[in-house]
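Since every read-out is calculated from the coordinates, none of them should be taken as a lab result. Remember, predicted model here, so these are calculated numbers, not experimental data. Cβ placement follows ideal geometry from the backbone for every residue including glycine, while neighbour counts extend to all protein chains displayed.
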Amino acid sequence: MSTLLEHGRTHDCGSLRAADVGATVVLFGWVHRRRDLGARIFVQLRDRFGITQVVFGKDLDAAAYEAASGLRGEFCVAVKGEVVARGDNSNAAMATGEIEVNATELQVFSPADTLPFNVADDDKLDASEALRLKHRYLDLRRPSLQKNFVLRSRLATLTRITLAEQGFLELETPYMVKYTPGGARNFLVPSRLNPGMFYALAESPQIFKQLFMVAGMDKYFQICRCFRDEDLRNDRQPEFTQIDVEISFATPERVFAPIERLIRRAWSEVLGVTLPDPFPRMTWAEAMNRFGSDKPDLRFGLEFVDITDLAHRSGAKIFEAAKLVKAIVVPAAHSESLSRGRIDKLTELVKKRESGGAKGLAWAKVQEGGSWTSPLTKAISAEFQAEISARVGAEPGSVVLVVADEPHTVHAALNALRLELRDSLDLVKHQGSDPWRFLWVTDFPLFEKSERGYVSSHHPFTSPRLDQLALLDSDPSQVLAQAYDLVLNGNEVGGGSIRIHQSDVQAKIFQVLGLSEAQIQQKFGFLLDAFRYGPPPHGGIALGLDRLSMLMCGAQSLRDVIAFPKTQKGTDLMTGCPSGADDAQLAELYIGHRDLPATPES
Ligand code: ASP
């Protein structure tokens, strides 16, 4: 007997329309829903392209009808039948809603046990995430998740096409690399052939892509996995995917151009959105000044206004000692819900350590003429109240929120406040005329100060601005880097830099970082060796493919765009990983037994 599988499908489940009425078709798919109305059995057949209604009836085909009465959710089947118009029963909510298929043949490829959760309840799913991750292959059948992966795949394909068109070579770098302690925490892989030795899983292809430039590859990209053994708070994953790029003879603008071209094309072809050309740029200093963040969300206002001079002259005690006094204004249209209780909560927020640890939050509600209702009215004259209102652009009804402190505290606190107000007052919805605000943030500081001295803000191969080399000796904290981030709606979606290719500059940076000659040789000797043989000036960037996909999809979590993600404890609930290894293998690897702490469950 010739099977429908051999025959092959004529259409997928998303493509039949009114114009196909009368055609005999073969569809393959899964039973999404099934309704048995006696004389008729209605089956919604689903594949990743869509859903088609199939009708079984004794009068249409008795054998097929008989077989259909045994169908259950998620059986995988083939159906042959005739496309008929639904006429008045058309379902406008379905792409195939104008038609249905009157079945004349049904073949069951495979039955399905009762599911642990219902794939068809995609929009009102109440299964726990743990249950869904345990059966991720079923979770991935849900149309909403499939949509995400179709989008992610298109983004990856467009990346390859767009970068290849611009002369980039797609090259691979090793995942098993030299272990160099001190950076991000590496996963270690023991080497059986070299007892007691370890590989590290690459945290990024950084050094190798630079070596491609030394090797004369000119322009490189790779869609590649990176591995970091870090705490997985904030929706991080231990393995994630980057669009990794490096360019010879680069300037920042020569890095921005191909990346913008890729992003503009993806947004246009996948989302139908035209993005600006070029993307706006902002220095790190300006971003911190105006938004207190190196990844400002530009979809709404609430920019900071510096009122330090007025605050100092106002005579108010609370402002006297503060190095910086800045304000944000909640416009009258949104300030109604800012009750005293709400403002108390905001005060608690700015006092938290993670939001800057400010001493407090001053506030004022602006009246007609600019004067205030505020706990500060006694301390500040009506004249100054009006002057401050005018400076910050507050209208009657607006609420002015003020933080006075050390500059970094003011910026961190007002940033936390700004983002909290964005969410609680739904400001993006009310003010966001443009839903996709890309921004290049440039000129980051080269170093950050830590307890152990200076550390690189980006990584130690990042070039300082060449006009600031002298500052490396006098005041490293003032040196700016030729580093940049790509920011989208308050999210960092990429980062990179122009690299150092001059060995004297590199040596200087290592010196500022406090690395000894032995450490430098141990960690980066091969790179410095390579730089003795005519390295081209070069620079690059890495974009987070997972995060870009997540934002494009409107998904809330990276786990919604990573096919087989790990839990917050780094476990895979489906395969039960990580797991122990047997004694023989451990012995081969020269790994001894220790008393292990209890294994986490999820
Ligand atoms: N390797 C860097 C990172 O993973 C990106 C770059 O500088 O190109 O963040």
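Selection of first residues in the range 450-469 that are assigned to a helix (DSSP H, G or I) and of second residues that are surrounded by 15 or more Cβ atoms within 10 Å (Cβ to Cβ), restricted to Cβ pairs under 7 Å at least 6 apart or on distinct chains, gives the following pairs, ordered by first then second residue: 468/479; 468/480.
Applying a threshold of 8 Å to beta carbon distances and a minimum spacing of six or more residues, or different chains, the list of pairs starting in the range 273-302 at a residue that is free of Cβ contacts under 8 Å to residues at least 60 places away in the same chain and more than 18 Å from residue 495 (Cβ to Cβ) and ending at one that is of a type in the set (S, T, N, Q) and surrounded by fewer than 15 Cβ atoms within 10 Å (Cβ to Cβ) reads 274/268. Among (1) more than 22 Å from residue 255 (Cβ to Cβ); (2) in a loop (DSSP other than H, G, I, E, B); (3) of a type outside the set (A, V, I, L, M), which single condition is residue 429 missing? It fails just one condition, (2).
Wholly within the range 131-225, which helices (runs of 4 or more DSSP H) include no fewer than the required count, namely at least 2 residues that are within 16 Å of the ligand (Cβ to nearest atom) and more than 30 Å from residue 116 (Cβ to Cβ)? Break it down into steps so the answer makes sense when it comes.
Values: elements: 136-139, 143-165, 206-214.
In the range 131-225, 143-165, 206-214 are the helices (runs of 4 or more DSSP H) which contain 2 or more residues that are within 16 Å of the ligand (Cβ to nearest atom) and more than 30 Å from residue 116 (Cβ to Cβ).
Rundown of residues vs (1) within 40 Å of the chain's Cα centre (by Cα); (2) touching a residue at least 40 places away in the same chain (Cβ under 8 Å), yes/no style:
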| site | (1), (2) |
| --- | --- |
| 23 | no, yes |
| 59 | no, no |
| 72 | yes, yes |
| 89 | no, no |
| 107 | no, yes |
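When the range 421-472 is limited to residues that are within 16 Å of the ligand (Cβ to nearest atom) and charged (D, E, K, R), the one that is surrounded by the most Cβ atoms within 10 Å (Cβ to Cβ) turns out to be 443. For the range 486-493, state whether one or more residues are within 16 Å of the ligand (Cβ to nearest atom), β-branched (Val, Ile, Thr), more than 23 Å from the chain's Cα centre (by Cα) and crowded, with 20+ Cβ neighbours inside 10 Å. Checked against the condition, which is being within 16 Å of the ligand (Cβ to nearest atom), β-branched (Val, Ile, Thr), more than 23 Å from the chain's Cα centre (by Cα) and crowded, with 20+ Cβ neighbours inside 10 Å, the range 486-493 yields no hits at all. Cβ separations smaller than 9 Å between residues 6+ apart or across chains give the following pairs from the range 229-253 residues that are assigned to a loop (DSSP other than H, G, I, E, B) to residues that are of a type in the set (Asp, Glu): 229/203; 236/230; 237/546; 238/229; 238/230; 249/218. If I filter the range 264-271 for residues that are surrounded by 20 or more Cβ atoms within 10 Å (Cβ to Cβ), among the aliphatic types (A, V, I, L, M) and within 16 Å of the ligand (Cβ to nearest atom), do I get at least one hit? No, because not a single residue in the range 264-271 is surrounded by 20 or more Cβ atoms within 10 Å (Cβ to Cβ), among the aliphatic types (A, V, I, L, M) and within 16 Å of the ligand (Cβ to nearest atom). Restricting attention to the range 226-254, the residues that are within 11 Å of the ligand (Cβ to nearest atom) and either farther than 12 Å from residue 541 by Cα or of a type in the set (D, E, K, R) (or both) total 5.
When residue 518 is tested against (1) more than 16 Å from the ligand (Cβ to nearest atom); (2) over 28 Å from residue 256 (Cα atoms); (3) in contact with a Ser or Thr (Cβ under 8 Å, 6 or more places away or on another chain), exactly one condition is not met: (3).
Output the residues belonging to the range 362-387 that are in a helix (DSSP H, G or I) and under 19 Å from residue 333 (Cβ atoms). Reasoning before the result, please.
So in the range 362-387, the residues in a helix (DSSP H, G or I) come out as 368-370, 382-387.
Answer for the range 362-387, where residues must be in a helix (DSSP H, G or I) and under 19 Å from residue 333 (Cβ atoms): 368, 370.
Yes/no per residue for (1) touching a residue at least 12 places away in the same chain (Cβ under 8 Å); (2) surrounded by fewer than 18 Cβ atoms within 10 Å (Cβ to Cβ); (3) basic (Lys, Arg):
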{"position": "166", "(1), (2), (3)": "yes, yes, no"}
{"position": "178", "(1), (2), (3)": "yes, yes, yes"}
{"position": "183", "(1), (2), (3)": "yes, yes, no"}
{"position": "202", "(1), (2), (3)": "yes, no, no"}
{"position": "208", "(1), (2), (3)": "yes, no, no"}
{"position": "219", "(1), (2), (3)": "yes, no, yes"}
{"position": "227", "(1), (2), (3)": "yes, no, no"}
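Considering 527, 558, the condition of being within 15 Å of the ligand (Cβ to nearest atom), surrounded by fewer than 23 Cβ atoms within 10 Å (Cβ to Cβ), over 16 Å from residue 270 (Cα atoms) and not charged (D, E, K, R) is satisfied by 527 alone.
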